[in-house]
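Here the structure comes first, spelled out in structure tokens, and everything after it is commentary.
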């Protein structure tokens, strides 16, 4: 049998006539297995633990078992004395709840930071991939430049420029790219003795258009790189050192 109030276990007195809950100290009368609550009213009214203990003693019960509440930090020292324990001014239950809350928020903040780092890494990787797949192996498109198509066009230093839709006819070399120049040619038609001359670390990307050369279509030296994509090329190309030429014979 269990307490009708809290479900706690019983202790018995008076040859089983009376039952007391070991948890909430409620008293019951027992008649043929039927439990009836015994209401104890102290003189003057209200609930008086000491009077309740005396009443229970008259029924044959011993001193009430210690009533500890670990969550609230209260411990029964006997004789009606209660000890109160606090951690940093809080009950053990409140302290543990605050600790758990702090840990959970720490995990959430940590997860958000990691998520932002992952997203940033994915974004950076996507940008690098996009740049690498773009024409010219990631070279900048550069500012649009003008060329009269009658004299040699020079790209040098750290210039990043683009030429579009020019029809050039030059007696000598049409385009010279040097140093760290990055040059993009789109729809440009070149007729010259030498179409493109690239040196040092220059990078030239030509898309569409044509090169008609009487000597060499492309001459690349040092670490220069010239890429012709969909370009009609007439005239042999020449590369020396670590230079590379693609799309031109």
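Among residues belonging to the range 158-169 that are within 19 Å of residue 208 (Cα to Cα) and assigned to a loop (DSSP other than H, G, I, E, B), point out the one that is nearest to the chain's Cα centre (by Cα).
The first filter runs over the range 158-169 and keeps only residues within 19 Å of residue 208 (Cα to Cα), leaving 161-169.
Keeping just the survivors that are assigned to a loop (DSSP other than H, G, I, E, B) gives 165-166.
Values: 165: 46, 166: 48 Å.
Top of the filtered list is 165.
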Checked against (1) at pLDDT below 95; (2) closer than 15 Å to residue 211 by Cβ, residue 141 satisfies every condition except (2)
Report the residue count in the range 225-244 for those that are over 13 Å from residue 194 (Cβ atoms) and in contact with a strand residue (DSSP E or B) (Cβ under 7 Å, 6 or more places away or on another chain). 10
Given the conditions (1) modelled with pLDDT of 85 or more; (2) at positive phi; (3) out of contact with any strand residue (DSSP E or B) (no Cβ under 6 Å at 6 or more places or on another chain), every one holds for residue 57 apart from (2)
Name every residue in the range 1-42 that is under 55 Å from the mean Cα position of the chain (by Cα) and not in a loop (DSSP other than H, G, I, E, B), in order of residue number. 21
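Would you point out which residue out of 205, 214 is buried (at least 22 other Cβ atoms within 10 Å of the Cβ), part of a strand (DSSP E or B) and touching a strand residue (DSSP E or B) at 6+ places or on another chain (Cβ under 7 Å)? Spell out how you get there, then give the answer.
On the way: 214 fails: buried (at least 22 other Cβ atoms within 10 Å of the Cβ).
Of 205, 214, the one residue that is buried (at least 22 other Cβ atoms within 10 Å of the Cβ), part of a strand (DSSP E or B) and touching a strand residue (DSSP E or B) at 6+ places or on another chain (Cβ under 7 Å) is 205.
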Could you run through the range 223-233 and say how many residues are more than 11 Å from residue 244 (Cβ to Cβ) and either within 42 Å of the chain's Cα centre (by Cα) or not in a strand (DSSP E or B) (or both)? 4
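Tell me which residues, restricted to the range 175-193, are under 17 Å from residue 225 (Cα atoms) and either out of contact with any strand residue (DSSP E or B) (no Cβ under 7 Å at 6 or more places or on another chain) or assigned to a strand (DSSP E or B) (or both).
If we filter the range 175-193 for residues that are under 17 Å from residue 225 (Cα atoms), which is where we start, we get 175-186.
If the condition is that a residue be under 17 Å from residue 225 (Cα atoms) and either out of contact with any strand residue (DSSP E or B) (no Cβ under 7 Å at 6 or more places or on another chain) or assigned to a strand (DSSP E or B) (or both), then 175, 176, 177, 178, 179, 180, 182, 183, 184, 185, 186 are the ones that fit.
The values are calculated or read from the model by the stated rules, or taken from the named source; none is laboratory data. Since this is a predicted model, take the numbers as computed values, not measurements. When we count neighbours, we look across all protein chains shown, and the Cβ atoms used for this are built from the backbone with ideal geometry, even at glycine.
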